[in-house]
Amino acid sequence: MSVQHCTPTTSASIETKATSPFPLNMWYVAALSSELTDQPLARTLLNQPIVLFRTPDGNVSALEDRCCHRALPLSLGAVEDNGIRCGYHGLLFNGGGQCVDVPGQTKIPRKALVSAYSICEQDHLIWIWFGDEQTEKPTFTPPEYPVHNDEDFLFGGDIYHYDAPYQLLHDNLLDLSHIGYVHKHTIGGNAKLHMNIETKVESDDQSVHVVRHLPNSIAPPTYTAAYPFAGNIDRWQEIKFKVSHIEIWTGAMDVGSGSLDDPEREGFHLKGFHGITPETDTTCHYLWTMAANPKTDAEATIKKVIEQIRLTFDEDKVVIEAQYKNLKNNPNSSMIDIHIDVAPNRARRIIESKLA
C-alpha cells in the first residue's frame, strides 16, 4: 500500500509568473525521501528558491527560502520540533509558513509570513505542487509508484544536477537507441541492433509509451553481473513518459523462456523511476531510483547494480551537457530528425500543448 503524508498550502499565496516557461497545475518531484534528515534542504525548483525540511515527528514541509524579516535563506537556519528557525535573528516558522515565535518579543507581526507549498510524501518520493494564480492548491493527488514498496524488489537512487534544460533529458530517456554507443561498457550491447529494432510508440495528450524488444541478444555487463543468465537473452525496454517523470522498465530472460509480451514474465527486471524537475530555464534536477530483483546475494547485488547504473548516468550527463553547450554556442544552427526521434518529439508536443 502507498503511504501518503501531505501538507497543503496554508499561508501567504505563492507568486507565480503570469507566463511560466514550465507547465503548471501539476506535481513535480522535489526530493527523494532519503534526502531529508534533520537538516534543511535548499533547492530551486521551477525558478523558485525553496527550503524543504522534515520535523522530528516525520512531517515534511516546503517554504519559500527567504525569511520575511531580513531575507536570509531559511535553509541556513535549523529545524526544530515546531518548524524551521531563521539563522539570523531566530524567527521560527511552522510548516504553513506562519511565524510562531520572535525571540525577545511576545507580539508576532501580522505580516510575518513566508509562502508555503503543498507537498506530499509517498512511495519514498516527495512531490511538490506548482499551480497558477487560480489553482494554488492541488486538484488531484501525486502519481503513485508502488514499485518502491514491492517486497520482491530492492531499490536505490541518487540526484544529479544538470547544466542543461530539462527537456534534453526527456529526449535522452525516450530514445534508448543511444545506449549501444554511449553505454557500451555497462547496459549497452550491440549498437547496430539497438538502432534497428522495431520501436512501437503510442501517445495521448498526457503521456507517451514506448516498447522495444531485443530477442536473442547478447547480455550486457550490468545484466550478467546481477543475474545468472545461461547465454543469450530475450530483452525488453518499456518507457512511460509523463511531464513530471519517466518510468523505464527494462530487463531480460533466457532465450525462449517466456513471452516478451507477458507483463508477468520471469527473468531479471530493472525498474527505473526518473523524476526530471526544472531548476531554471536552463538547468534541472534529475532524481532517479532503480529497483531490481537480484537472484542471489540480494543486498550486495543491488549495490553493484546501482553502481553500474550510476556509471551510465555519468555517461549521459557528459553527453547532454556537451550537447547543450554546443546548442548555446550555435543558436541559429538547425537540427534534423531521424527515425528514433518519434517519442521525444511527441513528448515535446505534450509540453507545448500544456504551455499553450
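The values are calculated or read from the model by the stated rules, or taken from the named source; none is laboratory data. Note that this is a predicted model, so its numbers are computed, not measured. Cβ placement follows ideal geometry from the backbone for every residue including glycine, while neighbour counts extend to all protein chains displayed.
Descriptive notes on the structure:
- Restricting attention to region 276-296, the residues that are in a strand (DSSP E or B) and within 30 Å of residue 329 (Cβ to Cβ) add up to 8.
- Residue 119 buried (at least 18 other Cβ atoms within 10 Å of the Cβ), in contact with a strand residue (DSSP E or B) (Cβ under 9 Å, 6 or more places away or on another chain), of a type outside the set (Asp, Glu) and under 30 Å from residue 347 (Cβ atoms): yes
Here is a yes/no grid of residues against (1) closer than 29 Å to residue 149 by Cα; (2) of a type in the set (A, V, I, L, M, F, W, C):
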residue: 58; (1), (2): yes, no
residue: 67; (1), (2): no, yes
residue: 75; (1), (2): no, no
residue: 81; (1), (2): yes, no
residue: 91; (1), (2): no, yes
residue: 107; (1), (2): no, no
residue: 114; (1), (2): no, yes
residue: 127; (1), (2): yes, yes
residue: 132; (1), (2): no, no
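- Yes/no for residue 157 being crowded, with 20+ Cβ neighbours inside 10 Å and not charged (D, E, K, R): yes
- Among residues that are surrounded by 15 or more Cβ atoms within 10 Å (Cβ to Cβ), at pLDDT 95 or above and of a type in the set (Gly, Ala, Ser), residue 31 is included.
- One residue stands out among those in region 55-87 that are assigned to a loop (DSSP other than H, G, I, E, B) and among the small types (Gly, Ala, Ser): the one that is surrounded by the most Cβ atoms within 10 Å (Cβ to Cβ), which is 77.
- Qualifying residue in region 151-163 (condition: in the same structural domain as residue 325 (by TED's automatic domain parsing), in contact with a Pro (Cβ under 9 Å, 6 or more places away or on another chain), among the aliphatic types (A, V, I, L, M) and in a strand (DSSP E or B)): yes
- Of the residues making up region 68-90, those that are closer than 22 Å to residue 8 by Cβ and out of contact with any Phe, Trp or Tyr (no Cβ under 6 Å at 6 or more places or on another chain) are 68, 74, 75, 80, 81, 82.
- Tally of residues being exposed (fewer than 15 other Cβ atoms within 10 Å of the Cβ) and in contact with a Gly (Cβ under 9 Å, 6 or more places away or on another chain) across region 216-263: 3
- Filtered by the rule that a residue be β-branched (Val, Ile, Thr), part of a helix (DSSP H, G or I) and surrounded by fewer than 17 Cβ atoms within 10 Å (Cβ to Cβ), region 320-341 gives a lone residue, 340.
- Against the criterion of being assigned to a helix (DSSP H, G or I) and either within 20 Å of the chain's Cα centre (by Cα) or not charged (D, E, K, R) (or both), residue 300 qualifies.
- The numbered conditions (1) assigned to a loop (DSSP other than H, G, I, E, B); (2) touching a strand residue (DSSP E or B) at 6+ places or on another chain (Cβ under 8 Å) are all true for residue 111 except (2).
- In the set 23, 49, only one residue is part of a loop (DSSP other than H, G, I, E, B), touching a Lys or Arg at 6+ places or on another chain (Cβ under 9 Å) and at pLDDT 95 or above; that residue is 23.
- Only one of 15, 64 that is farther than 13 Å from residue 127 by Cα and at pLDDT below 95: 15
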